[in-house]
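Here is the structure we will look at, set down as structure tokens.
The values are calculated or read from the model by the stated rules, or taken from the named source; none is laboratory data. Values in this document were obtained by computation on a predicted structure and should not be read as measured data. A quick note on method: Cβ atoms are made from the backbone with ideal geometry, for glycine too, and the neighbour counts reach across all protein chains shown.
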Amino acid sequence: MTLAPGDIVLVPLGPREVFGVVWDKPDGDTDGNVSSSKLREVSAKPICPPIQPSMRRFIDWVANYTMSTPGMVLRMVLRTPASYNTPSLQEGLKYSGIEPERMTGARAKVLELVREGFMWTKSGLSHAAGVSGSVIDGLVKQGSLTKIQFPSPPIVSIPDINFAEPELSEEQKSASDILVAQIRKGGTPVCLLDGVTGSGKTEVYFEAIAEVINRGSQILILLPEIALTSGFLERFDRRFGTRPAQWHSDITPKMREKVWRQIATGEIHVVVGARSALYLPFCQLGLIIVDEEHEAAFKQEDRVFYNARDMAVVRGAIAKAPVILSSATPSIESRVNANLGRYQYIRLAERYKQAALPDLRAVDMRNDPPPRGKFLSPVLINEIAGSLERGEQSLLFLNRRGYAPLTLCRACGHRFECNDCSAWLVEHRFRQKLVCHHCGHNEPVPDSCPNCGTLDHLVACGPGVERLGEELLELFSEKRIMVLSSDIAGGAKRMRLELDAIAKGEADIVVGTQLVAKGHNFPLMTCVGVVDADIGLSNGDPRAAERTFQLLSQVTGRAGRSGLESVGLIQTFQPEHPVIKAIISGEREQFYEREIAARKSSGLPPFSRLASIVISSTDRKKAEQHANEIRLTCKPDPQILVLGPAEAPIAQVRGRYRFRLLFRAVKASELHNYLRDMLNSGPKTRGDIRAQVDIDPQSFL
Ligand code: ADP
Ligand code: ZN
């Protein structure tokens, strides 16, 4: 068998056969000293384009950086074994020239179509002719139609860059000119496109896409949430006359197979996908776009822990493709990179067509509190009523699923907690369940307290989106109120339908979690209320201020996108907090300056690198002991700060107790060397103890 690096091969592994890739090392070096008794023969080599050198180097890079094994990273590339085999042929029908013995109206309709000489699938033909499948079968029997085999056509056609060229505003035009110039210049520039919500960032990077399509290269667009894609696909279609291919967990295995293969062969030019699309086998990658680059959803915290935004920059550098990071609220990391001149900074300061930004105000909950047991201030209710009167829409944002975050017994004070996690059970009144948001455990809401047995004394504490829906229904009973969160029955598909319905004005008041808050375009939305702006401000996360700033900017940015006058009200107990003030005053540059300075003075990322190791076990003692043993093997090193072990803030998840060690260094390479050394010399995990390394952690829970 002739094999070359990059070839996908089938190999025996124990009793199984699995797919692997013929690997090479960047320096051409190979591990020649494997004992021949350990070697097995390759079973087969499917006819399939090889994994390209740039992809192999990317896999090596990710494995090294995240401290995972290359095989774990490669798994993300080899997700669709069916794609490696020769694509199955599709059955088609063609006119044979023979007329049927008996002609009917239905048969005539079919023959009229096939006489033009094209191939048809059976379903396509019956659909186009408006006849049943049995009519087609009849014509096959008569010999008028012959069956033929043909390879399935590309799932998407080539985008037409002249299909609907936009008229860009002056500001947009100069931004797109810079992008295009960067692409023409060659090299691997990274551009940060920083533009307020509604400034037309998408419109602008579409011009960069057009430039790359024109050169015949491929484009990858990463989006943080699949719920966002439907509007995006249509927008792309309006600009380029065809949809891009999609890649996320929601597409069918058959489609997955086709997308994978057609990307490898170059038949697909543009893919829009979730972070896993980074591992698709592009044969000629020419541009990567990361939209909403600041989003935490780009961080994968499972198996291989990586941030797709950062890995996209690496993928671009290795594949020699430019990268565009786009956001209305860029991450501190990216802003610092732009300040240092590592990224080209491009700013869009105005909304398109001068659509005014919403008038933003804080509602001081100490001065204008809601009635007892309610959560909406009269000030906010007043604004909602005003927008309803004008026939416009309101959006209330609260990042809490369910009815109430805590249920307790008024008789004995018993709180409902998950047995396996350090978390309260959240009441979901619609489903009549108490649910753990960490492990998914759920139980029916009991009539009596399991602790003291008192009947009907359970009280819901605090608001969730369902409870706000109820409060609004009492106030505006004749209005159409929609409550949206990831709990929606019917999943992503239903979510997209509901979002479309809102955009068409089919709801008056929308209550939602962050899924509704992001990236959507609701023309009639003129009143946005943030129900509890303080939630994320004091949770001990070093990114708390940044996250709150980003989230609240996104939410309030939903208002007034079509030019109508709009308001954004932020309910808070601390209106003087710098983050709240920065949002209200619109002084975002001040926020960035202050936050960057604060990170610098406290030595937090991006002015240092962090890594965490979470030790977990079903046995609390064992987890703690192992964490302590690791700590003891940590050598003193002036470059490295070691913190912990400490019990993780969420001390137990899914029955596993968790302890955390945190490491800090100025340079990533110092951190990597130190951790590698420590893990090699330190105690090995035994039993059910797990040690999970997370480089650049986002979550500190
Ligand atoms: P952003 O991504 O910056 O929030 P979008 O690209 O979604 O902004 O643009 C906001 C709205 O303005 C969209 O509905 C978009 O179609 C419209 N828009 C922006 N620029 C143009 C343009 N040059 N021509 C036509 N419509 C535009
Ligand atoms: Zn749980």
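Tabulated results
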{"quantity": "Residue tally, condition in a loop (DSSP other than H, G, I, E, B) and either of a type in the set (V, I, T) or more than 16 Å from ligand 1 (Cβ to nearest atom) (or both), over the stretch 163-179", "calculated": "0"}
{"quantity": "Filter result (among the hydrophobic types (A, V, I, L, M, F, W, C) and under 26 Å from T197 (Cβ atoms)) within the stretch 312-339", "calculated": "A312, V313, V323, I324, L325, A328, I332, V336, A338"}
{"quantity": "Qualifying strands (runs of 3 or more DSSP E) (wholly inside the stretch 348-450; at least 2 residues being surrounded by 17 or more Cβ atoms within 10 Å (Cβ to Cβ) and within 16 Å of ligand 2 (Cβ to nearest atom))", "calculated": "426-428, 433-435"}
{"quantity": "Residue in the stretch 154-167 that is farther than 30 Å from V212 by Cβ, of a type in the set (D, E, K, R) and more than 16 Å from ligand 2 (Cβ to nearest atom) present", "calculated": "no"}
{"quantity": "Single condition K667 does not satisfy, out of (1) charged (D, E, K, R); (2) farther than 30 Å from H437 by Cβ; (3) surrounded by 19 or more Cβ atoms within 10 Å (Cβ to Cβ)", "calculated": "(3)"}
{"quantity": "Qualifying residue in the stretch 215-233 (condition: surrounded by fewer than 16 Cβ atoms within 10 Å (Cβ to Cβ), more than 16 Å from ligand 1 (Cβ to nearest atom) and within 27 Å of G266 (Cα to Cα))", "calculated": "yes"}
{"quantity": "Condition check for V196: in the same structural domain as D291 (by TED's automatic domain parsing) and within 15 Å of ligand 1 (Cβ to nearest atom)", "calculated": "yes"}
{"quantity": "Selected residue [small (G, A, S) and within 16 Å of ligand 1 (Cβ to nearest atom)] from G453, G490, G505", "calculated": "G505"}
{"quantity": "Candidate set: the stretch 64-112, residues that are among the polar types (S, T, N, Q) and in a loop (DSSP other than H, G, I, E, B); chosen: the one farthest from V18 (Cα to Cα)", "calculated": "T104"}
{"quantity": "Selection count where residues are over 30 Å from V379 (Cβ atoms) and among the small types (G, A, S), scope the stretch 430-478", "calculated": "3"}
{"quantity": "Residues being over 22 Å from H520 (Cβ atoms) and modelled with pLDDT under 95 - total across the stretch 372-399", "calculated": "2"}
{"quantity": "One residue from E576, E593 being over 28 Å from R390 (Cα atoms), assigned to a loop (DSSP other than H, G, I, E, B) and free of Cβ contacts under 8 Å to residues at least 40 places away in the same chain", "calculated": "E576"}
{"quantity": "Condition check for G266: outside the structural domain of R56 (by TED's automatic domain parsing), over 24 Å from A328 (Cβ atoms) and in contact with an Asp or Glu (Cβ under 9 Å, 6 or more places away or on another chain)", "calculated": "no"}
{"quantity": "Complete set of residues in the stretch 193-205 that are in a helix (DSSP H, G or I) and either within 20 Å of the chain's Cα centre (by Cα) or on the phi > 0 side of the Ramachandran plot (or both)", "calculated": "K201, T202, Y205"}
{"quantity": "Total residues in the stretch 295-311, condition more than 11 Å from the chain's Cα centre (by Cα) and over 22 Å from A691 (Cα atoms)", "calculated": "2"}
{"quantity": "Residue match in the stretch 180-192 (condition: part of a helix (DSSP H, G or I), within 16 Å of ligand 1 (Cβ to nearest atom) and not hydrophobic (A, V, I, L, M, F, W, C))", "calculated": "no"}
